[in-house]
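Enquirer: Sharing a structure, written as structure tokens. Questions coming.
Taken together, the values in this text are just the output of simple stated rules run on the coordinates, not laboratory data. Quick caveat: nothing in here was measured; it's all calculated off a predicted structure. Here the Cβ positions follow ideal geometry from the backbone for every residue, glycine too, while neighbour counts run over all protein chains shown.
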Amino acid sequence: MPSFDFKKIRLDLYIVLGFIVVSFLYCYPQLQGKKLKQNDGVSWLGMSHEATAYHDSTGYDVLWSNSMFGGMPTYTHAVEANTNNYPAYIQMVLEALGKPAYFFFIAMLCFYILMRVLGINRWLSVAASVAYSFASYNAIIIGVGHDTKMLSIAYMPAAFAGIYLIYKEKWLSGAALWGIFIALLACNAHYQVMYYLIMICFCFGVCMFFMAIKENKIKQFFISTLIAVSVGVLGMLPNITALLTTNEYSKQTMRGGTSELSGHDKKASGGLDKSYAFQWSMGVGESFCMMVPYLYGGASEELAEKAPKTAELVGSNSDMLPTYWGEQPFQSGPVYLGAVICFLFLLGLLVVRSPHKWWILAASVIGIVLSWGKNFPEVNYFLFDHIPMLNKFRTVEMALIIPQFLFPLLGIWAVQDIIDKKLKPDVLWKDVKIAAGVTVVLCLLLGVGGSMFFKFTGSGDAQYQAELVKALKEDRASMASMSGIKSAIYILIAAGLLWAFIKDKIKPMVLMIGLVAIIAIDLIPVSLDYLSDKNYVDASDFDTNFEPRDVDKQILRDKDPYFRVYDRSRNTYNDAIQAYFFKCIGGYHPAKLEIYQDLIDRQMGGQGFLNAKVFDMLNTKYIIVGGQKSPPQVIPNPEACGNAWFVNDVKWANTADEEMDGLNGQHLGDTTTVPNGFEPQKTAIMRTTFKDVMGDYNFGKDSAAYIKLDRYGLDDISFISHNSKDGLGVFSDIYYAAGWKAYVDDKETPIMRVNYVLRAIKIPAKDHKIRFEFRPQSFYGGRKIALAGSLLLFALFIGALFPLFKKDKPVQNKA
């Protein structure tokens, strides 16, 4: 490990300060006190509000919330409890720069670390860092609020730098770097990004294996692999509570579980349905947006000034126009890696003599193919069904973060080799001409000559009049043409800089600064189209998202601490704002419990049917209607069953379909009685799987029997009951076996599932105190492991610092 020479690293510190300056310049509205108006960020504040507010007011651990979908664990969005994940505090320090500037700073810093580890010149490392950080996908996901995804993408390069050092037999320093950054990746819990990083590492490992065979270093390879795997596991340990709970939870969600109802794709390993997982599949031709950003029209809604002919036709009726014409449901912007970076990547394949370029190429191709999703089903459907964990992820377009990571790595590596004059000038110039010629021709052919390949119309155009579609086609073709010309010009400028250097007309520093400038000029304007001052609002305007409407205020006057609201004035099952105010029937979450999703699909609107009795059993005390053409109004529901009740009898169901069908009742608002319809306060529908638990239990209820809420909590909730007979109590709380326990007078009693989604317990005769506690062993047991992991990881990091102060000769110093 090279020692620190503080005089030599002074420039690195200045560069890091420069990254901070660049981040603030790009995010200058942040300095004015403005906030990003992120849709997903607003949703997160809505879905997490009950848990965070309860924790802040009580100080108690919170792992469950009733604010969405009747109730669910908060593992994936708001764990308000001590997890002993101490490396996460590193991120808290970095976040001191403020949002969104810290996203760009972390991304630039981490890519800079990687390039310096690879021995790349400082200024070239800056060029690569700018390219990685300001690729348009980053700006897009920041703009919509995918914060954990962006942080995970930002940390990827530094984590890979650790892997690289490990396989270069810099075991201690590599292990420390790999361990810390895999811990930071894990604390953001965006496992799809981590999955793609593992793919990259696997491709790298295969290359290193064959190189080890060739160099007779098999022993060192296996030592490095053992260290990489061991430290990778160690890096995950501080986040083990989240991993264990998420793994436990995912098995019961629409992502990791599988519905027992008929009509579903029964996958042995669970996972998403293909139709859902592959919704956002990149078109094969759309992949060229990596080099020609507006080839497919940009975003689903672009500023009218980009489509002048369409804007003239619609007049002042719209500031935003639907220029995107691809087949994805909608698009927030193109995945643009930069024309210059694409050119340099191709040049790298020609110039770089290291075998590493082949795994980089292979991993990049894998990323692009995965992004095609359903548009290349022969490969992607097979992988989805057979590659472990792949069927847990959606939005396959995200796989393009693999080439986003690898294109600048190889491209700037090529420039380093050119500066180092590893090839003869005439050979280098030939390679530059080939790479520039191919990329420039592609840009012009696809952009200017796009009408030869594309129709510039999509399925969404069917809703528009023919005259409007004609104008849109012309504007889209014009956008593609101008975009192609710009990309070609940027490539020619970059090629011209390389020509001037090869011909000894400019110094290396001029070449490097020139490349930094042209890469920034190429990428940043496109990113600004999707993250600029228009994405910010004043703090006071941001807070209006959480101002209650008149109907909300009306319901909030009810001091009952625990009832549910069915809000039909919003997009019920895709809007989390409602959860800021109420305990909701709906909400928004990408990983709902499978049983609740089944209930939505069959009984609560999924098939157009709204079962009044199901809403009653969920204690839906208020229904909000209107909101489209009329002001929203509140309709009280006097039939709501309350928090808990005794039933007279049980109706047994052999299958999930029988249990679901047993809930059938009249449509919401329809007073017509359904023969043999479900009556939740009289009968509980129970699967035969609980017959052993029920045994020969005889139960009933007298006319004065009741179960009343005693204390409302999130991880703790208590009731009092009265019944002269042994009873079966049904609770309007959502059934979740992994962590909930019930106690009657402090004696544990088993929880049974009834009515497909609710809880039921046996309650003996007379008066009792009933308590439910959510104490998942996966969390509380994992917390002890997390503490040990955090301490070991910091010990490793501290141990790696000592050799830095030795006066050893640096391995490489190309700056």
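Enquirer: When DSSP assigns beta bridges and you keep just the ones with both residues in the chain, what percent turn out antiparallel, to the nearest 5?
Expert: Antiparallel: roughly 80 percent of the beta bridges in the chain.
Enquirer: Which of the trypsin sites (Lys or Arg not before Pro) found in the stretch 526-558 are loop residues per DSSP with 14 or fewer other Cβ atoms within 10 Å of their Cβ?
Expert: Loop-located and lightly packed - R549, R557.
Enquirer: Right, here's the next one. With a point put 7 Å past each Cα toward its Cβ, work out how far V379 is from R353 in nm, to one decimal.
Expert: The modelled label-to-label distance comes out at 3.1 nm.
Enquirer: In addition: Using the basic label-point model (7 angstrom from Cα toward the beta carbon), what is the L11 to A539 distance in nanometres?
Expert: 4.1
Enquirer: Still on this model: What whole-number value in cubic angstrom gives the convex hull volume per residue for the C-alpha atoms of the stretch 163-244?
Expert: Enclosed volume per residue, from the Cα hull, is 74 Å³.
Enquirer: With each pseudo-label sitting 7 Å past Cα toward Cβ, what's the R775-L556 distance in nm, one decimal?
Expert: Calculated label separation equals 3.5 nm.
Enquirer: Could the peptides 43-52, 569-578, 316-325 be put in order, highest first, of the mean number of other beta-carbon atoms found within 10 Å of their residues?
Expert: For the peptides 43-52, 569-578, 316-325, the packing ranking is 43-52, 569-578, 316-325.
Enquirer: Using only Cα atoms, what Kirkwood radius does the stretch 309-389 have, in angstroms?
Expert: 16.7
Enquirer: Multiply the residue gap between F690 and I198 by 0.36 nm, knock off their C-alpha separation, and tell me the result in nm, one decimal place.
Expert: Between F690 and I198, full extension yields an extra 172.9 nm.
Enquirer: Can you tell me the length gained on complete extension of the stretch K168 to K629, counting 0.36 nm per residue apart and subtracting the Cα distance?
Expert: Contour length minus Cα-Cα distance gives 159.4 nm.
Enquirer: Starting from the Cα of Q279, move 7 Å in the Cα-to-Cβ direction to define the label point; list residues of the stretch 597-632 whose amide nitrogen is under 16 Å from there.
Expert: So the set is 597-598, 600-601, 606-607.
Enquirer: Sticking with this one: Treating the Cα atoms of the stretch 163-319 as identical point scatterers in vacuum, please give the log10 of the normalised Debye intensity I(q)/I(0) at q = 0.14, 0.17 Å⁻¹, two decimals.
Expert: At q = 0.14, 0.17 Å⁻¹ the computed log10 ratios are -0.96, -1.06.
Enquirer: A further question follows. Please work out the Cα center distance from the stretch 482-551 to the stretch 588-630, rounded to the nearest Å.
Expert: 45
Enquirer: Report the calculated FRET efficiency for R122 and V441 (r = Cβ-Cβ distance, R0 = 41 Å), to the nearest 0.05.
Expert: For R122 and V441, the calculated efficiency is 0.75.
Enquirer: Jot down the per residue volume, in cubic angstrom and as a whole number, of the convex hull over the alpha-carbon atoms of the chain.
Expert: Measuring per residue, one finds 184 Å³ for the Cα hull of the chain.
Enquirer: Estimate the FRET efficiency between R549 and N82 by the formula 1/(1 + (r/R0)^6), using the beta-carbon distance for r and 41 Å for R0, to the nearest 0.05.
Expert: 0.70
Enquirer: Of the chymotrypsin sites (Phe, Trp or Tyr not before Pro) in the stretch 666-704, which ones lie in a loop per DSSP and count no more than 13 other C-beta atoms within 10 Å?
Expert: Passing sites in the stretch 666-704 are Y697.
Enquirer: By its C-alpha gyration tensor, with a ≥ b ≥ c as the square roots of the eigenvalues, how is the stretch 565-627 shaped: rounded for a/c under 1.5, else prolate for a/b larger than b/c, else oblate?
Expert: Here the stretch 565-627 falls in the rounded category.
Enquirer: In addition: Fully extended, how many nm does the chain gain between N39 and K507 (0.36 nm per residue separation, minus their Cα-Cα distance)?
Expert: Length difference between fully extended and current span is 163.7 nm.
Enquirer: Using a 10 Å cut-off on Cβ atoms, rank the peptides 367-379, 222-234 from the highest mean neighbour count down.
Expert: 367-379, 222-234
Enquirer: Can you give the convex hull volume per residue for the Cα atoms of the stretch 276-317, as a whole number of Å³?
Expert: 101
Enquirer: Sum -39500 (n - 2.57) across every DSSP H segment of at least 4 residues in the chain, then divide by the residue count to get the 222 nm mean residue ellipticity, nearest 500.
Expert: Value at 222 nm, helices only, nearest 500: -16000 deg cm²/dmol.
Enquirer: Right, another one. I need the calculated FRET efficiency for the pair I521 and I798, taking r as the beta carbon distance and R₀ as 60 Å, to the nearest 0.05.
Expert: 0.90
Enquirer: Please give the residues of the stretch 596-610, grouped as numeric ranges, whose backbone N is less than 16 Å from a label point set 7 Å along the Cα-to-Cβ vector of Q666.
Expert: From the stretch 596-610, the list is 610.
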